[in-house]
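As C-alpha cells, the structure follows; a few thoughts come after it.
What follows draws every value from the coordinates through simple rules; no lab data is involved. All of these numbers come straight from a predicted model, not from anything done at the bench. For neighbour counting, all protein chains shown are included, and Cβ atoms are generated from backbone atoms with ideal geometry for every residue, glycine included.
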C-alpha cells in the first residue's frame with residue numbers, strides 16, 4: 001500500500017494547518033519529488049488559511065465563514081500535492097514518508113472509529129429492539145455490528161467480542177427475541193475488514209418492552 005492520506009478536510013482547524021506545514025517542509029528541496037506549482041499553491045493556501053484562522057479567534061460570524069472557505073481551499077491544495085506524492089513515490093514507503101505527509105494505516109491493523117450517536121429503543125412489537133447509529137463522516141465501513149448479552153446466561157463478559165452480535169450493512173437494525181421486562185446490556189461498533197480492530201461503545205443497558 002504505502003500511500004499517503006489525500007483527504008484532510010475533516011481535520012480540526014489547528015491540525016489541518018500543521019498537517020499542511022509538515023508536507024511543505026517535507027517536500028521542499030526533496031529530490032524524491034518534482035511539483036513546483038502544486039507546492040507553491042499549497043504554501044499560499046496555508047498562509048491564507050492561517051491568517052483567516054487567526055482573525056476568527058473571537059467568534060465573528062463573517063470571519064468564521066471566511067476561515068471555513070479557506071480551509072476547504074487548503075484541503076484541496078493539499079489533496080493535489082498528496083496525490084502527486086503517491087504517484088511519484090510509486091509505492092516506495094521511504095519516499096512517501098519523506099514527503100512529510102501522513103501515511104495511510106495498514107488495513108490489516110486499522111482501528112475503526114468510535115460509533116457516533118448509538119441508540120437503542122423498544123420496538124413496536126413485544127420482544128423487538130431497534131438499534132441505530134449515525135453514518136461515520138471520516139472513514140468508510142462495511143456496516144455496523146450491534147451486540148448484546150442475555151443476562152439469563154450468567155455474568156456479562158467483559159470482552160464485548162464474546163457477546164451475541166448482529167451485523168448489518170448500514171447503520172440501523174431491528175432484532176427480535178428479547179424477553180419483555182428484562183434489562184439487557186448493548187453495545188455497537190463500526191465494521192471494517194475482518195482483521196480490523198473494533199472500537200466498542202460504552203455499555204448501554206435497556207429494558208425490553210412489552
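Here is how the numbers come out for the structure above:
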quantity: Taking 13, 159, 196 and counting other C-beta atoms within 10 Å, the order from fewest to most; calculated: 159, 13, 196
quantity: Angle in degrees between helix 36-55 and the longest Cα principal axis of the chain, rounded to the nearest 10; calculated: 70
quantity: Label selected from (i) 11.5; (ii) 13.9; (iii) 15.0, the criterion being mean projected area of the Cα convex hull in nm² as computed here; calculated: (iii)
quantity: Principal-axis tilt of helix 13-27 within the chain, Cα atoms, nearest 10 degrees; calculated: 50
quantity: Least to most buried among 164, 131 (fewest other Cβ within 10 Å first); calculated: 164, 131
quantity: The range 152-209: C-alpha pair distances exceeding 13 Å, %; calculated: 68
quantity: Listed peptides 76-85, 25-34 by packing density, highest first (mean Cβ within 10 Å); calculated: 76-85, 25-34
quantity: Sorted by Cβ density within 10 Å, fewest first, the residues 119, 137; calculated: 137, 119
quantity: Cα-based equivalent ellipsoid, the range 109-207: semi-axes from gyration tensor eigenvalues, Å; calculated: 23, 15, 10
quantity: Distance from the range 77-150 to the range 2-46 (C-alpha centre basis), Å; calculated: 22
quantity: Extension gain from residue 65 to residue 161, taking 0.36 nm per residue of separation minus the Cα-Cα distance; calculated: 30.2 nm
quantity: Descending semi-axes in Å of the range 13-104, equivalent ellipsoid built from Cα gyration tensor; calculated: 28, 11, 10
